[in-house]
Amino acid sequence: MNKQAEELLYQALETELGGEQVYQTAIRCAQNSELKEEWQKYLEETQNHQRIVLQVFDSLGLDANRETPGRQVVRHLGESIVKAMEMALQSAPGESAELVAAECVVLAETKDHLNWELIGELAKSLKGEEARPLKEAHGEVEDQEDEHLYHTMGWSRELWIQALGMPAVLPPPEEAKEVKTAIGAARAHQSWKDML
Ligand SMILES: [Fe+2]
Ligand SMILES: [Fe+2]
């Protein structure tokens with residue numbers, strides 16, 4: 001595996017570690033009980049993703065404690081996202097902090113989703129023994145990352161619509177339709193008016 005492939009795995013590990021902190025803070029911001037429950041589930045899945053990435057490191061003989069410049073950037077972004085939610089909790093608790101948290105989860109999950117999409121592509125391009133752990137890990141995680149991103153995007157949009165005083169669909173259509181692709185999310189978004 002080349003250096004950039006290793007870098008992707010280090011960034012993926014750091015994203016999952018930061019993701020745990022992001023969800024712990026986001027859950028404190030959540031007002032809607034279904035959203036809180038959803039994020040609780042995503043938190044547990046994120047902790048499981050950490051274990052899955054660490055298994056990949058084991059199989060490939062990589063040192064999970066090694067620092068890389070890219071990994072440090074990912075950690076900095078994660079910490080900044082947590083700090084943004086802490087700010088909101090202090091200065092604008094309640095529904096305003098919930099809106100901030102939904103946007104923060106979307107930011108964090110955009111990176112998480114990209115990492116796993118790339119790990120999937122990498123697994124397809126590699127051959128033999130190196131590909132297997134990546135393929136297995138990707139198979140376990142992929143669908144969950146789609147939910148983390150697309151469903152939270154839906155929550156973020158609908159919570160904003162509600163805050164603006166317009167009729168919102170809660171939980172969002174992405175959740176009701178169990179969206180797992182970008183096309184599915186666009187379709188769910190388009191059909192939200194029918195659900196009102
Ligand atoms: Fe994840
Ligand atoms: Fe995720």
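The values are calculated or read from the model by the stated rules, or taken from the named source; none is laboratory data. It should be emphasised that the depicted structure is a prediction, and the values quoted were computed from it without experimental measurement. We place every Cβ from the backbone using ideal geometry, glycine too, and count neighbours over all the protein chains shown. Surface accessibility is based on the protein's heavy atoms, side chains included, excluding ligands, DNA and RNA. Shrake-Rupley method; radii C 1.70, N 1.55, O 1.52, S 1.80 Å.
Residues in region 168-180 that are among the β-branched types (Val, Ile, Thr) and either open to solvent by 70 Å² or more (accessible area, probe 1.4 Å) or under 9 Å from His151 (Cβ atoms) (or both): Val179 only.
Is it true that some residue in region 7-14 is part of a helix (DSSP H, G or I) and more than 16 Å from ligand 2 (Cβ to nearest atom)?
yes
Please work out if Arg28 is open to solvent by 20 Å² or more (accessible area, probe 1.4 Å), free of Cβ contacts under 8 Å to residues at least 12 places away in the same chain, out of contact with any Asp or Glu (no Cβ under 8 Å at 6 or more places or on another chain) and not hydrophobic (A, V, I, L, M, F, W, C). No, not satisfied.
Among the listed residues Gly165, Gly94, Gly154, which satisfies the condition of being more than 22 Å from Leu9 (Cβ to Cβ), away from ligand 1 (no atom under 16 Å from the Cβ) and surrounded by 20 or more Cβ atoms within 10 Å (Cβ to Cβ)? So that I can check it myself, show each step before the final result.
Working: Gly165 fails: surrounded by 20 or more Cβ atoms within 10 Å (Cβ to Cβ); Gly94 fails: surrounded by 20 or more Cβ atoms within 10 Å (Cβ to Cβ).
Going through Gly165, Gly94, Gly154 in turn, the sole match is Gly154.
The single residue among Thr110, Thr25, Thr68 that is polar (S, T, N, Q), at pLDDT 95 or above and within 14 Å of ligand 2 (Cβ to nearest atom) turns out to be Thr110. Any residue at all in region 96-116 that's without any contact (Cβ under 8 Å) to a residue 24 or more places away in the chain, under 21 Å from the mean Cα position of the chain (by Cα) and within 22 Å of Gln50 (Cβ to Cβ)? Checking region 96-116: at least one residue is without any contact (Cβ under 8 Å) to a residue 24 or more places away in the chain, under 21 Å from the mean Cα position of the chain (by Cα) and within 22 Å of Gln50 (Cβ to Cβ).
This table checks each residue for (1) within 16 Å of ligand 2 (Cβ to nearest atom); (2) closer than 21 Å to Gln4 by Cβ; (3) surrounded by 15 or more Cβ atoms within 10 Å (Cβ to Cβ).
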| site | (1), (2), (3) |
| --- | --- |
| Leu35 | yes, no, yes |
| Glu45 | yes, no, yes |
| Asp63 | no, yes, no |
| Val73 | no, yes, no |
| Ser80 | no, no, no |
| Ala88 | no, no, yes |
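In the set (1) modelled with pLDDT of 95 or more; (2) over 28 Å from Gly154 (Cβ atoms), Glu45 fails one condition alone, (2). Residue count for region 126-149 under the criterion of being away from ligand 1 (no atom under 12 Å from the Cβ) and open to solvent by less than 30 Å² (accessible area, probe 1.4 Å): the result is 3.
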